[in-house]
1. I'd like the Karplus ³J(HN,Hα) series for segment 163-177: coefficients 6.51, -1.76, 1.60, θ = phi - 60°, whole numbers in Hz, and an x wherever there's a Gly or Pro.
2. Can you list the HN-Hα couplings for segment 20-33, worked out from phi with the Karplus curve (6.51, -1.76, 1.60; θ = phi - 60°), rounded to whole Hz and with x for Gly and Pro?
3. What order do you get for Ile81, Ile205 when you list them from fewest to most C-beta neighbours inside 10 Å?
4. So how much slack lies between Thr42 and Trp106, counting 0.36 nm per residue of separation and subtracting their Cα-Cα distance, in nm?
5. Which order do Trp22, Trp40 fall in if you start with the one that has the fewest other Cβ atoms within 10 Å?
6. Suppose R0 equals 35 Å. What FRET efficiency, 1/(1 + (r/R0)^6) with r the Cβ-Cβ distance, do Ile173 and Gln60 give to the nearest 0.05?
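Each value in this text was obtained by applying a stated rule to the coordinates, not by laboratory testing. On a predicted model such as this, the values are computed, not experimentally measured, just so you know. Every residue, glycine as well, gets a Cβ built from its backbone with ideal geometry; the counts of neighbours run over all protein chains shown.
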Amino acid sequence: MHQTSQQPAPGTVRDRFGALVWIIGSVQFFLCHLIVQSAWPTPYSWSLNNISDLGNVNCQPWGDNARYVCSPLHTVMNTSIIVGGLLIIVGIFAIESLWRRSFISWAARVLLIIVGLAWLLVGLTPADVEENLHVLGALFIMIPGNLGLMLMVLSARYGYMKTIRILATLMGIIGLVATGLFFSGHYLTLGMGGMERVAVFPLQIWNFIAGCTLLIAVVRERRRAALEALIEDYHEREY
């Protein structure tokens, strides 16, 4: 009981800000993804095209399969990726009630901060401009990101986070397996782009779910506190 009392309660200004930051970061990324792909003069395929194709600067055949890549709104996509990386980092520092005070918790946060920095690198170095740095950034998004999610079951602490802690670990395992399959060229029935998304999307999806869960917990906490205040006020009037 004493240890629990030392933990910050959900609903601080920083918690709410961090939750909103994570939600906004995820929503803007997926929204920009859809907007940018819709502007392609040729059909964009989630199976045949990878995410990086949306940020390529030039219109040309690209990749091992010489797919034609032409993304008129590449600046929008690269900006979205950079913003998404920054918001991942901001959310990690802002949310107080999520993390335990343990080595594993610090390790998870460091891994996720690395992911945020990797998103910045990917957005700043389009694949057809600086391919080596871009691939390095993608590698650091997939591996540390999914490892960080896997550690969440031991690094997040509040009871209301139990479900999403388990979800994070499951998503991290799936993402890490998908990373291995992607880089080994085993795409199963998903195609190159599909397998890449299974490896990359887990953190963005989890950030959205975690942010929403935290905001819902804030609402419930406020309702509980308000109810307790009403009951206490009623008893004081009675006696």
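1. Once rounded to whole Hz, the list reads 4, 6, 5, 5, 4, 4, 5, 4, 5, x, 5, 4, x, 5, 4.
2. Taking θ as phi minus 60°, the curve returns 5, 4, 5, 4, 4, x, 6, 5, 5, 5, 5, 5, 5, 4 Hz for segment 20-33.
3. Ranked by crowding around the Cβ, least crowded first: Ile205, Ile81.
4. Details: separation 64, 0.36 × 64 = 23.04 nm, distance 4.48 nm.
Taking 0.36 nm per residue and subtracting the Cα distance, the gain is 18.6 nm.
5. Exposure proxy ranking, most exposed first: Trp40, Trp22.
6. Working: r = 37 Å, r/R0 = 1.05.
Using R0 = 35 Å, I get an efficiency of 0.40.
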